[in-house]
């Protein structure tokens, strides 16, 4: 019995399983080779089963959401990618709190907040990612999302654990989940009464002006790069081009092109810039 058959039978009706899947179709940068196995859980509760079956088959496990902050290697990913997406995106409002699963799309959550006249979540306006990834990266446009987190529920060693805000330490584009094996399942966002329609509209217009959104990209590449890095010009490799703190896929870029541009930027400023984007796979 081959590995795909074992994985499919082990998960049965708990998840959709695919073999040899192009990862460029699941990242906003649109680069990357194939994943050996691609798993889509049928609900947030089935993630534990997916991880358990993968570990029983000695498969390395990688978790992705919307793929808006990923650079996947051209040689792909050896092991299983678990995609927390369309079946893990439920959200509910209770008073001033939005409770949402990790696969909930950030723009959708902003729309929900506008509908219920809740403020606080406007800080993540325009982020093309899911809630789990945004918490993992402590993302935010004007302020980090950690400022509105009430709790995060994670899968830890096959146990579901709820962490209150004071149990987690966040920093600039940093969260505890970057340094442990916890898998974010859901979160409670503590908001306040308020109409955010005007400010959300302003943020969206501002992002369109300041950020190069005309080509596939993975968002800001470096953490706190500084003005000098932001203003660099004339850097490209293959189908990849650097522009205003972003690396763009102008059409046929490879992951190698992206990494080459990163190294050119670093050599220009003569310092080790820290990546905000995450490398994944067989580099």
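Here are the numbers for the structure shown:
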quantity	calculated
Of all residues making up the stretch 214-239, the number that are under 21 Å from the mean Cα position of the chain (by Cα) and either in a helix (DSSP H, G or I) or surrounded by 14 or more Cβ atoms within 10 Å (Cβ to Cβ) (or both)	10
Selection status of residue 195, part of a loop (DSSP other than H, G, I, E, B) and either touching a residue at least 60 places away in the same chain (Cβ under 8 Å) or surrounded by fewer than 17 Cβ atoms within 10 Å (Cβ to Cβ) (or both)	yes
The listed residue being in contact (Cβ under 8 Å) with a residue 12 or more places away in the chain, part of a helix (DSSP H, G or I), within 23 Å of the chain's Cα centre (by Cα) and not assigned by TED's automatic domain parsing to the domain that holds residue 148, out of 203, 242	203
Options 48, 31; residue that is in contact (Cβ under 8 Å) with a residue 40 or more places away in the chain, under 21 Å from the mean Cα position of the chain (by Cα) and under 21 Å from residue 186 (Cα atoms)	48
Which listed residue, of 65, 76, is closer than 28 Å to residue 191 by Cα, outside the structural domain of residue 115 (by TED's automatic domain parsing) and under 18 Å from the mean Cα position of the chain (by Cα)	65
Considering residues of the stretch 74-100 that are touching a strand residue (DSSP E or B) at 6+ places or on another chain (Cβ under 7 Å) and under 17 Å from residue 282 (Cα atoms) only, the residue surrounded by the most Cβ atoms within 10 Å (Cβ to Cβ)	81
Flag for residue 186 being surrounded by fewer than 15 Cβ atoms within 10 Å (Cβ to Cβ), in the same structural domain as residue 133 (by TED's automatic domain parsing) and either at pLDDT 95 or above or part of a strand (DSSP E or B) (or both)	no
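The values are calculated or read from the model by the stated rules, or taken from the named source; none is laboratory data. These figures come from a predicted structure and were not determined experimentally. Neighbour counts are summed over all protein chains in view; Cβ atoms, including those assigned to glycine, are modelled from backbone coordinates with ideal geometry.
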